[in-house]
Each structure stands twice: as C-alpha cells, then as structure tokens.
Amino acid sequence: MDGLITGENDERVGLSVIDNDDVEHVIEMEFDGEIKYHDQDGYPDEPANQTDEESERIRQARLFARYNVFVERGYDTVPAPKNPVRIDAVRQAINEMDRAEFETLFGDLYQQLEFEEGSGTSPAMTVPPEATDPCIYCKNIYLGIDPLETDLGTQLASKHDLDVTQSAAEIDLTDVSVHELESWGAFSGEFAAQATKTELDPSDTVYIDETSDLYVKYPAGAQLAVVDDHLEPAAREPDTIIELLPVDPQNLEYFKSFIDHYLRCQVRDSFVEMGVHPPEAFQVLGMGRFMAARGYDYIDFYPEFHNPNAEMFD
C-alpha cells in the first residue's frame, strides 16, 4: 500500500492510495475520518458485483487512507478499537501493572475462563441463554492520559476545555458528565494522533482509566451479536475490546502474558486489514480480533494469521 495526501482545506483531506493490486483510489475524508468521496477504476462500483477479494481491497484502501491521515496530519481519523497506536498503548499500560492491579481489572475475565476450562469453582457471570456455545467473552478497555505529564497533553487539554488542575487519574468517572466524557474521548484521540506524529513516548502518560463489566458476543451470520452488554461509559469508544473464546488461563502471571500476546495480535490485525505488513514486534500468530480471523478464513489473499500453527511471516 502507498498513500499520498494530495490536498487539504478547512473541511477535508484528499488522498491518492495505491493498493496492493496497483489500483489507485482517490479518497476525500473529513477530519473525524468520515469518507465523503471514494473513486477507483479497478473494481466494479456496485458491492453486489464485487468478489470478496475486491471488496476487501476497497476496504483496505479506506482503512489505510484513515491511518495515513492520522500519521501524517495528526487528525483522529482511525476508529479507536482498530487504531494500532491505541491498542499498543493499552498493551503497554497493562504490562506496567502489578499483579494486584491486573487482578482487579481482569480478574472477572480470568475467573470466567478458569470456570469454562473446568478448573474454576464458579463463573464470574451467567451466560445469556441466546448466546451460542462457545461464546466470546469481552471487556471494553478505556485508556486514560494524564495531561499533566507532557506539554502536548496540557496544550490539548486546554484546547478541549478540560480541567487539568489535578491528575486525570484522580478523577472519578462517576462524577463526570456525558459532555466531559465526550471531551476526554476527543482529547485522547487527538493526543494519540499527535503523539504518533511527534514520536512522543506515551508510556509515562497512559494508564487504564476504565473497563466495562464482562459481557459476551456470539457469531450471527457475518457479524457478531452482543448480549447482556455493559458498555459504560457510553459516550466514549473503547480503545480496544478484549474478545476471547474459552482458553486455559493457567494462572494470573501466564494470563497477563497471554493478554500481551493477544493484544499484539490485535495490532497485527489492524495493520493487515489496511494492507500493510506489520512491524516486526507484531509479526505474531494467534487469535486477535474475532472478525479479523473470519477475514483470514474467507479472503484468499490473507494467510491464516489466527492459526498458531500457520507459516510465519515472510
């Protein structure tokens, strides 16, 4: 994939993207990532007339265009749960946790998986009857960014009218209005974009701000259905979503390392879905996002990256 920003005005950014079949895509998007124009002459225009592979190339071009604008212009154009920068920030924040903090945030998921594998004595939740077996156990993860730790954070917090007289880590989200949550979400997205552009190391500024309660998804046709979900705070997109089929968590130390590998697989998925070879640290095999694994099964040009026994990256 290759991309070139061809212009920008007060409303949109224009790009030329060359996909992995050497087809050019002319794309215009708004600063929030909404694509307002997309033209190409390599594939049928009507989705009904496209093969699965052709549809995927078009989707790749759109995802790559958003990421290209995110990196080159610093706009928050990539959906948070598919943004490799946000996912990796979650991974790093989890790696910095001690055992007690990890157990507080992910103990329910560990308990449920332990029960599913037969070594636990009680489940953390009752699986809704409409969910298929096996279901997918999920938690939404929300990053926090302490604006007091960097000049960039302080500047952006002021831009979004956020009170930075105390560390964000000390703010109780139950006392925060929906408008403030929306502002924090916009702030975190722009911070991630600008940090990437300026190569700022976010390791000292990010932490896990909030996680949802444990809930389940299950396959329903070409999509995932959500049941018994607890998606607060609703005003924000999660920075990533843990989606795990039943696996043996073994013990907390192992499970923490497993989550690290799992999130590396999610980062891999984000790059692969935009037609980009993942950086070396994310050239790993195994399950990441469930819908990405479905793509690896059904799209001919994708290797089976979700299969731990597949051939490694070339």
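The values are calculated or read from the model by the stated rules, or taken from the named source; none is laboratory data. Here the structure is a predicted model, which is why all the values come from computation and not from measurement. Counting neighbours? That spans all protein chains shown, and the Cβs are built from the backbone with ideal geometry, glycine included. Calculation scope for accessible area: heavy atoms of the full protein, side chains included, ligands and nucleic acids excluded. Shrake-Rupley method; radii C 1.70, N 1.55, O 1.52, S 1.80 Å.
Quick notes on this structure:
- Screening Arg268, Arg264 for residues that are at pLDDT 90 or above and open to solvent by 40 Å² or more (accessible area, probe 1.4 Å) leaves exactly one candidate, Arg264.
- Test: Phe106 is of a type in the set (Phe, Trp, Tyr) and either touching a Phe, Trp or Tyr at 6+ places or on another chain (Cβ under 9 Å) or open to solvent by 40 Å² or more (accessible area, probe 1.4 Å) (or both): yes
- Residues of the stretch 109-119 satisfying the condition of being surrounded by fewer than 20 Cβ atoms within 10 Å (Cβ to Cβ) and either assigned to a helix (DSSP H, G or I) or polar (S, T, N, Q) (or both): Gln111, Phe115, Ser119
- Every test in (1) more than 24 Å from Cys135 (Cβ to Cβ); (2) touching a residue at least 60 places away in the same chain (Cβ under 8 Å); (3) open to solvent by 20 Å² or more (accessible area, probe 1.4 Å) is passed by Met291 save one, and that test is (1).
- Some residue of the stretch 18-25 being under 23 Å from Phe290 (Cα atoms) and either β-branched (Val, Ile, Thr) or under 16 Å from the mean Cα position of the chain (by Cα) (or both): no
- Out of Glu311, Glu304, one residue alone is out of contact with any helix residue (DSSP H, G or I) (no Cβ under 6 Å at 6 or more places or on another chain), in a loop (DSSP other than H, G, I, E, B) and at pLDDT below 95. It is Glu311.
- When restricted to residues that are under 14 Å from Val78 (Cβ atoms), assigned to a loop (DSSP other than H, G, I, E, B) and free of Cβ contacts under 8 Å to residues at least 40 places away in the same chain, the stretch 7-64 contains 1.
- Of the set (1) open to solvent by 40 Å² or more (accessible area, probe 1.4 Å); (2) at pLDDT 95 or above; (3) closer than 25 Å to Ile259 by Cβ, all apply to Leu63 but (1).
- Among residues of the stretch 245-262, those that are closer than 24 Å to Val127 by Cα and either within 14 Å of the chain's Cα centre (by Cα) or not aromatic (Phe, Trp, Tyr) (or both), counted: 11
- Reported count of residues in the stretch 277-288, each being closer than 21 Å to Thr77 by Cβ, part of a loop (DSSP other than H, G, I, E, B) and open to solvent by less than 40 Å² (accessible area, probe 1.4 Å), is 1.
- Of Asp297, Asp248, all but one fail to be part of a helix (DSSP H, G or I), open to solvent by 60 Å² or more (accessible area, probe 1.4 Å) and more than 23 Å from Ala89 (Cα to Cα); the exception is Asp297.
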